[in-house]
Amino acid sequence: MAKSTKLLAAGDVAKLLNVTYQYIDKLTQDGRLAYQQTSSGKIFLEEDVMAFKRERDRKAKTDRRIKRGR
């Protein structure tokens, strides 16, 4: 059975990543987050968003500038 592709709206992506809509827009403009433009706005593949989130979280674990709770 084929795996279905889940599409997310920009607002959903912002909530999932816990960032603002404006930051999502910046990520797309910078080419850091893949999207498809439609007549009603930007849509994102859930797998692309989750890959971005995993990479962001991985980098955060090794970044000494980010404080972590103890």
For the condition at pLDDT 95 or above and in a strand (DSSP E or B), what is the one hit in Phe44, Phe52? Phe44
Looking only at the stretch 18-34, decide whether some residue is over 16 Å from the mean Cα position of the chain (by Cα) and part of a loop (DSSP other than H, G, I, E, B). no
Ile66 fails exactly one of (1) hydrophobic (A, V, I, L, M, F, W, C); (2) at pLDDT 95 or above; (3) surrounded by fewer than 11 Cβ atoms within 10 Å (Cβ to Cβ), namely (2)
Taking the criterion of being in contact with a helix residue (DSSP H, G or I) (Cβ under 6 Å, 6 or more places away or on another chain), touching a residue at least 40 places away in the same chain (Cβ under 8 Å), open to solvent by less than 80 Å² (accessible area, probe 1.4 Å) and of a type outside the set (Lys, Arg), would at least one residue in the stretch 17-37 satisfy it? no
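The values are calculated or read from the model by the stated rules, or taken from the named source; none is laboratory data. If you're wondering where the values come from, they're calculated on a predicted model, not measured in any experiment. Reconstructed Cβ throughout: ideal geometry from the backbone, glycine too, with neighbour counts over all protein chains shown. Just so you know, the surface numbers come from the protein's heavy atoms only, side chains and all, with ligands and any DNA or RNA stripped out. Shrake-Rupley method; radii C 1.70, N 1.55, O 1.52, S 1.80 Å.
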